[in-house]
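Let me begin by presenting the structure, written as structure tokens, before commenting on it.
The values are calculated or read from the model by the stated rules, or taken from the named source; none is laboratory data. Just so it is clear, the structure is predicted and the values come from calculations on it, not from any experiment. All Cβ positions, even for glycine, are placed from backbone atoms using ideal geometry, and neighbour counts span all protein chains on display.
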Amino acid sequence: MSFTSLGLSEPLLRAIKQQGYKIPSPIQLQAIPAVLSGRDVLAAAQTGTGKTAGFTLPLLQLLDQSKPADPTAVRALIMTPTRELAAQIANSVLTYGRFLALSSTVVFGGVGISPQKKKLKQGVNILTATPGRLLDLHNQGCVDLSHVEILVLDEADRMLDMGFIHDIRKIMKLLPQKRQNLLFSATFTPEIRQMVKGLLDSPVRIEVASSNSTAENIRQVVHPVDKTRKPKLLSRLIQDGNWEQVLVFTRTKHGANKLVRLLEKDGISAVAIHSNKSQGARTRALADFKQRRVLALVATDIAVRGLDIEQLPQVVNFDLPSVPEDYIHRIGRTGRAGLGGQAVSLVSIDEHKSLAGIERLLQRSLTSEIIAGFEPDPNLVVEPAPTSTRPSRPRPQSKRGMGSKPANNRSKGSQGRRPTKSAA
Ligand code: AMP
């Protein structure tokens with residue numbers, strides 16, 4: 001099926017052609033006609049599926065085909081959780097809409113508000129925004145949302161995770177009752193379902209892959225290893241595997257900075273991206289990584305949310321996420337657009353519980369390979385939790401998850417499961 005047969009107009013088809021897209025992605029095949037029909041849409045889709053074009057193209061077409069009372073009004077509002085994602089979506093709006101007479105801009109925090117006010121004053125039809133800055137601008141009387149015809153909530157699950165629910169509620173109250181709503185989310189937690197109930201009117205449901213499963217073409221592997229040896233193991237994997245580009249997730253900003261220093265010591269160029277970095281530093285880090293001036297981008301979940309980094313071959317969970325859904329978001333950075341990818345998780349004994357949570361969500365166990373020279377110390381047990389009086393025991397040898405075969409040329413280890421003595 002071609003883009004032409006989806007009912008898109010000539011100026012949009014021209015822009016698509018310039019982008020070099022030949023055929024619509026599965027989400028585009030479903031989302032474009034659904035949005036064009038004027039119905040509300042609920043889509044389960046991760047970044048990398050082409051979802052941005054999936055909502056941007058028909059949104060542009062709908063706005064272009066109807067004549068508004070006020071040609072300078074904000075007619076479409078696209079809300080998204082992070083600055084980087086907002087910037088990327090705004091770029092897509094410009095790219096796909098380059099042959100249409102619609103104006104657009106993007107507003108997000110962390111940068112000066114004055115240029116954004118100036119742009120809004122000139123009149124903007126399509127506004128891409130992060131919730132906090134949008135409210136700021138509204139509170140200062142700089143934006144009128146009472147003419148919005150189409151609302152897009154992109155990465156809705158992450159917006160809730162990041163605590164934007166109150167801001168979103170406030171923003172909803174500023175919109176007209178009658179409008180088209182499009183909601184995109186990678187996962188469907190009870191909170192999202194709740195939000196959907198109040199927001200969408202008999203939506204068209206779109207799902208390109210099971211919402212809680214991960215792309216088939218991603219090879220997922222767990223390397224059991226002691227916590228303190230993770231940096232060295234990562235250096236080894238990068239060097240032995242001749243990796244050229246890897247996105248590494250850490251749980252904390254401090255952990256990201258520390259890992260960058262350790263990788264650099266091993267001669268691996270690395271840069272951190274997290275919310276303590278200025279917007280300029282984040283943009284630079286991303287550009288350096290995309291243009292392959294640095295090999296490793298070390299990031300926290302929030303900072304990397306929704307980043308469009310094409311054809312990422314490797315993603316590493318240096319720390320497992322505490323929220324299982326984040327695992328799906330993280331590895332969504334690899335294996336994109338039909339390309340293969342590898343998602344590697346370095347798992348220490350204290351993370352077995354997190355791993356079990358992820359495997360429950362995936363409804364399958366992950367292949368586990370112990371790397372020779374990095375066998376976990378069998379005498380280690382999990383550190384006691386601060387409130388607990390006794391150290392919790394590591395998981396017994398189980399049939400699930402990490403109880404799996406060592407790889408060829410890799411040694412078998414006992415994985416620290418024997419609760420012999422405490423190292424604490
Ligand atoms: P997204 O999931 O919206 O972040 O898009 C992921 C990437 O796929 C972006 O780099 C898009 O430019 C690209 N893309 C979107 N649609 C297509 C298509 N139909 N054919 C090829 N690439 C596409």
Of the listed residues (15, 43, 53), the one being assigned to a helix (DSSP H, G or I), in the same structural domain as residue 96 (by TED's automatic domain parsing), surrounded by 16 or more Cβ atoms within 10 Å (Cβ to Cβ) and under 21 Å from the mean Cα position of the chain (by Cα) is 53
Residue 181: passes all of (1) of a type outside the set (A, V, I, L, M); (2) more than 30 Å from residue 37 (Cα to Cα); (3) at pLDDT 95 or above but (2)
Condition set part of a helix (DSSP H, G or I) and within 15 Å of the ligand (Cβ to nearest atom), scope segment 1-12, selection surrounded by the most Cβ atoms within 10 Å (Cβ to Cβ): answer is 12
Turns out the strands (runs of 3 or more DSSP E) fully within segment 192-302 with at least 2 residues that are more than 18 Å from residue 371 (Cβ to Cβ) are 204-207, 246-249, 270-273, 296-299
Counting only residues that are out of contact with any helix residue (DSSP H, G or I) (no Cβ under 7 Å at 6 or more places or on another chain) and either more than 21 Å from residue 160 (Cα to Cα) or assigned by TED's automatic domain parsing to the domain that holds residue 333 (or both), segment 63-81 contains a total of 12
Subset of segment 19-40, residues outside any helix (DSSP H, G or I) and either at pLDDT below 85 or out of contact with any strand residue (DSSP E or B) (no Cβ under 7 Å at 6 or more places or on another chain) (or both), comes to 20, 21, 22, 23, 24, 25, 37
TODO: Kindly establish whether residue 370 is in contact with a strand residue (DSSP E or B) (Cβ under 7 Å, 6 or more places away or on another chain) and within 16 Å of the ligand (Cβ to nearest atom).
DONE: no
Looking at this structure, is residue 90 within 21 Å of the chain's Cα centre (by Cα), free of Cβ contacts under 8 Å to residues at least 40 places away in the same chain and not in a loop (DSSP other than H, G, I, E, B)?
yes
Residues in segment 30-76 that are within 26 Å of residue 143 (Cα to Cα), of a type in the set (S, T, N, Q) and within 13 Å of the ligand (Cβ to nearest atom) total 2
